[in-house]
Structures are given as structure tokens and as C-alpha cells.
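Comments concern the structure below.
The values are calculated or read from the model by the stated rules, or taken from the named source; none is laboratory data. This one's a predicted model, so the numbers in the text were calculated from it and none came from an experiment. Note that we place each Cβ from the backbone using ideal geometry, even for glycine, and neighbour counts take in every protein chain shown. Remember, those area values only see protein heavy atoms, side chains included, never the ligands or the DNA or RNA. Shrake-Rupley method; radii C 1.70, N 1.55, O 1.52, S 1.80 Å.
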Amino acid sequence: MAYARGTAGSAVVLPRGSAISDRSALIRFAALAGVVLSVLCALCLGRFPLSPGRVLGVFGSLLHLSSASDPVAQVVVMQARLPRILAALLVGSALSCGGATYQAVFRNPLVSPDLLGVLSGAAFGAALSIVSGGSAVVVQMGAFGGGLLAVGTGLLISRTLPGGGILTLLLGGLIGNAIFTALLSLVKYLADPMDQLPAIVNWLLGSLAPSGWQELAWMSGPLIILTVALVLCAPVLDVLSLGDDEARSLGVSVRVMRPALIVLATLACAMTISMAGIIGWIGLLVPHVARLLVGAEHRGMMPVTALLGAGGLVLADTCARSLTTGEVPLGIVTQLFGALAFVLVLRRLRRGVE
């Protein structure tokens, strides 16, 4: 038997090896096919459109399956689009799994990666690095360190508050988020309005344009490891989502596993922010869509969440660089379409409850 939460927060029992698992496997295959299709569309679409034949010809020539060469298509695919697409796959899957982990740990479907201040802390670290005149690598490291510092501050504050439990963690995260939001505003106020402030604003809007093979070389390994670790922790998430007393009765140490999962999710989200800036709504919306498709059991939901987040961010980035002659910041696209999609998801959830 597998345990999961129902729509009203109660525990339900799902039979193993039934039609539910078959449907989950089918949806995972469909999600994987959707990711492949979104990657092919992203390789073809843009301000310099390419036919699928030219795109496949590039990979055929690289694999020595074809003697024909297309230098223009090879430059567009290999230097401009493919690194960016791979970055979108990594960022989308990590953000989605991080959001799903936060929602399970805090037993709240409206929790997103910015709850404990990771977004505001990363923004503060990046802004401080920009004002200090740091290079692109320094800005990325500042964003990563700022995100971890903000979450650590929130956890420390929660330990000083009376009570304990999830509510205390939420309050500590909200206080830490407010502190680093204020610090970000202070840095923006002190920044040079002619040079530094526009750079801070552009970074906060989010973009995968700076992503290249060099960034992927040192960011892809840790992101893949963290995302896979979150997916493999799905059984623990199923138990934690039942409640603290139920988790202890099933042999899970809540005091150990909850902070460990928060650290894993925070590391994943902080790395995505350092790579692409602030990308909103992915971590909040995608887990809800996955639950609608395969149910609330994390064993089946987490792989679908990773695939949907990866494919969804690839499509969003394709829209960001293809809708206009200039590039629309990716964060604007995800916030606009994410908010509209979340309205549809909430209507579907409310219809299911009724």
C-alpha cells in the first residue's frame, strides 16, 4: 500500500500495481515526449527560424551520420540555442522539484521557493555583487550565497521563536524574507542609477541569455544531483505530508528529515537563481499540474513534476526570445502565463473538491 494525502488533507491509501500506477507511467511517458517535442520546437523557433531538417542535419553531421554541413545552422543551434535549452531543462526541473518539496514539507499547497527567503536573499547577493563591480561569475556566486544566507537566517530566527513546528518555520522564513527584501531595496537605493541599477533590474527580471557551455560545465552536475536527490526522496515526502505524528509512527525522524529536505530544496533553488535570475511561478504552479495529472502521491508525482517543469520552462524561454524582435525577460513571461494558468488550476481544483 502507498499513502498519500487527499484533497482535504486527509490520508488516503492507493493500491500498488493497479490502474493508477499504469496511468502514472503513461503520463510520465507523455511528459517525456512533450519535453522532447518542446526541445525540438525551441531548436527550430527564434528570430532566425530553422526547419526540423536543418536542425537534425546539424546533429547528423556532428555524429558523422551525414557528410553535408550547414555552418550557419550549426552556429545557431550549437552556440546560441542548445546551451540555453539545456539550461532551461535544468532550471525548470530543479525549481519544480524544489517547489514540490517545500509544499510537502510544509504541508501547504500554496508554498513556493520564495517562502523562506531564498529568492530575496539571492537577489540581495546578486545586487550587492553588481554594486561591488563583480564579474558575472561573482554575481552568480553572490546570488547563490545570498539565497543560502537568507534561508539560514530564517531557520535561525525560527529556533528563537517559542512553539516549534511548521508554523514557527513559516514565521522565521517570513521574517528572513522581509529582512533581505529590505536589504535589497537598500542596495538598489545606493546603486548608481545610470549603470548599476539597470543591471540589477535586468538581473531580477530573469533570463537564460547568458547561459553558455562554460556555465553549464560547472552548474549542470550539482543541479542534476540535487534534482535526482529530491525525486528519490519522494517516499519520505509522502510520509511527511501525512503529518508529524504519522511520520514518527512510521519511523521517520521529522527533526532530521525536514531540515535536510529544506536544505536540498534550497540548494537547488539557489543554484537556479544564480544561473537564470528570478524565475517566478514555476515552483508553485508545476507541482499542482502534476498532482492533477497523476495524483498526490509523490512517488508518481515528482518525476512528472521534473519533466513538466523542464518542458514548460523551455517553452517559456522560446516565447521570451521569439515573440518580439527584442527579447522579453523570461521572468515576465513565466509570471504572466503562470498567473493565468494558476487561475485555471484553481478552478479545476475547486471543481474536484465540490
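Observations, loosely collected:
- Complete set of residues in segment 258-270 that are buried (at least 24 other Cβ atoms within 10 Å of the Cβ) and not small (Gly, Ala, Ser): THR266, CYS269
- A single entry from THR305, THR334, THR318 fulfils the requirement of being under 17 Å from HIS288 (Cα atoms) and touching a Cys at 6+ places or on another chain (Cβ under 7 Å): THR305.
- Among the residues listed as ARG291, ARG321, the single one being over 19 Å from ALA94 (Cβ atoms) and either assigned to a helix (DSSP H, G or I) or small (Gly, Ala, Ser) (or both): ARG321
- Within segment 72-93, the set of residues being closer than 15 Å to LEU285 by Cβ and either small (Gly, Ala, Ser) or part of a loop (DSSP other than H, G, I, E, B) (or both) comprises GLY92, SER93.
- Every residue from segment 38-51 that is free of Cβ contacts under 8 Å to residues at least 40 places away in the same chain and open to solvent by 70 Å² or more (accessible area, probe 1.4 Å): PHE48, PRO49
- Cβ pairs under 7 Å, 6+ apart, first in segment 92-107 and on the phi > 0 side of the Ramachandran plot, second assigned to a helix (DSSP H, G or I): ARG107/ILE166
- Output for segment 127-151, where each listed residue is within 30 Å of HIS288 (Cα to Cα) and open to solvent by less than 30 Å² (accessible area, probe 1.4 Å): GLN140, ALA143, GLY146, GLY147, ALA150, VAL151
- Just one of (1) crowded, with 19+ Cβ neighbours inside 10 Å; (2) without any contact (Cβ under 8 Å) to a residue 60 or more places away in the chain fails for LEU197. It is (1).
- Residue that is surrounded by the most Cβ atoms within 10 Å (Cβ to Cβ), among those in segment 271-293 that are more than 24 Å from SER24 (Cα to Cα) and of a type in the set (Val, Ile, Thr): THR272
- Number of the condition not met by THR305 [criteria: (1) open to solvent by 10 Å² or more (accessible area, probe 1.4 Å); (2) outside any loop (DSSP other than H, G, I, E, B); (3) touching a residue at least 24 places away in the same chain (Cβ under 8 Å)]: (1)
- Beta carbons closer than 6 Å, at least 6 apart along the sequence or on distinct chains, pair a first residue in segment 216-239 that is surrounded by 14 or more Cβ atoms within 10 Å (Cβ to Cβ) with a second that is hydroxyl-bearing (Ser, Thr, Tyr) for THR227/SER93; LEU230/THR101; ASP238/TYR3.
- Residues of segment 54-71 that are surrounded by 12 or more Cβ atoms within 10 Å (Cβ to Cβ) and assigned to a helix (DSSP H, G or I): ARG54, VAL55, LEU56, GLY57, VAL58, PHE59, GLY60, SER61, LEU62.
- Qualifying residue in segment 329-352 (condition: over 26 Å from LEU37 (Cβ atoms), among the small types (Gly, Ala, Ser), open to solvent by 40 Å² or more (accessible area, probe 1.4 Å) and in contact (Cβ under 8 Å) with a residue 12 or more places away in the chain): yes
- Candidates GLY338, GLY300, GLY312, GLY280 - the one that is assigned to a helix (DSSP H, G or I), modelled with pLDDT under 95 and touching a Gly at 6+ places or on another chain (Cβ under 9 Å): GLY338
- Cβ-Cβ under 6 Å pairs, at least 6 apart or on other chains, segment 120-145 side over 16 Å from LEU204 (Cβ atoms), far side buried (at least 22 other Cβ atoms within 10 Å of the Cβ): VAL138/SER129; GLY145/GLY125
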